[in-house]
1. If you average the sequence gap of Cα pairs under 8 Å that are 6 or more apart and divide by the length of segment 102-225, what percent do you get for the contact order?
2. Quick one: length gained pulling residue 124 to residue 256 fully straight, 0.36 nm per residue minus the C-alpha distance?
3. Pairs of Cα atoms under 8 Å, at least six residues apart: use those to get the relative contact order of the chain, whole percent.
4. Quote the FRET efficiency, to the nearest 0.05, computed for residue 65 versus residue 387 with a Förster distance R0 of 35 Å and r equal to the Cβ-Cβ distance.
5. If I fit a long axis through the Cα atoms of helix 350-360 and take the longest principal axis of the Cα atoms of the chain, what angle between them do I get, 0 to 90°, rounded to 10?
6. Please give the length that would be gained between residue 394 and residue 4 if that part of the chain were fully extended, namely 0.36 nm times their separation in residues minus their C-alpha to C-alpha distance (nm, one decimal).
7. Rounded, prolate or oblate: pick one for segment 162-260, where a ≥ b ≥ c are the square roots of the eigenvalues of its C-alpha gyration tensor, a/c under 1.5 means rounded, and failing that, prolate if a/b is larger than b/c, else oblate.
8. Quick one: length gained pulling residue 98 to residue 175 fully straight, 0.36 nm per residue minus the C-alpha distance?
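Coordinate-derived values only; no laboratory data. Note that this is a predicted model, so its numbers are computed, not measured. No Cβ is skipped: glycine too gets one built from the backbone with ideal geometry, and neighbour counts run over all protein chains shown.
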């Protein structure tokens, strides 16, 4: 019979490397199954507020950092007259290789198998994982970190899952698509769209100056079920650039992103633990996850390491310990509040969305920052949401409580009743 490891981690992306490294650092015997080499380059970019990393002592993992961070939520008319909203807090882009190496260095004792996990069979004490190669591995606990589409993690069916879709370009341009040295979190200006397009799902620009004449520009949809198609996002990005008199002169990289925003929490009684997207750790309000991985990974690893000391605990009991540590009641209730808010925003047209975000960022910085990073205690989060409601104009209050008035609903929301 194959040796039984303490924990077997499924996956080779950021979530898998994070929890495997933290478990290894906690003295746990860990193995992993990943379909690709765990040091293979990651295709997507990962952003984070620099303050999140400062509090963790990990600012050195940033490749780029901007102190000129802004958004635009103007009238939708003449973009030149729209006011720039300065956020006053640094934003960063991870050095993907540095982040990957940070976790791999902490996971030097982990034995990685390049394979696929085809079947997970939970026994009374151990869990067996059958791989595509025919190999079988056994562990006291299996952690699935393969992403939101994992077949090994069960969750309730709460209807269609909304996805945040984005199409982006890294390249050089005939003129700067945004101000030099600037990071744009959200540009909801829509003067480049036709009247018909403005009745369709709203999208915004997320953009940054990467230096040396290179910029990253990405057209993004907040959340929609199903997600906005890539060809629509690409068309809108090209229209936005054309309206500003900007042409792409060198295409360095194209980025396609689609990830769930309102994925239900997993069944937390199941005997396989999850982490990352598999565990619904994508922030329902912002779409970010890496900061959460870095904050919550160490605590989860310590809880698992403590439970593993009891040799009588089987896979189901160990998973239960893990679920309780990963999703305590406080975080479950916060997650539900965020999902409620996202459900309201998904029915807003571009005018209501612009009004909402302009109001949201008028909150004190510590409030909107804590909201977007999911670092506010539940009582403070509720107080911030009440404050946001109080600051909102009447039509926005109506939408936040009951949904947008029918006359202001976009056509795709009206058709769903």
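1. Answer for segment 102-225 is 21 percent.
2. Going from the current span to full extension adds 43.3 nm.
3. 18 percent
4. Approximately 0.75, to the nearest 0.05.
5. 70 degrees
6. Residue separation times 0.36 nm, minus the Cα-Cα distance, leaves 134.3 nm.
7. Prolate.
8. On the way: separation 77, 0.36 × 77 = 27.72 nm, distance 3.07 nm.
Fully extending the segment from residue 98 to residue 175 adds 24.7 nm.
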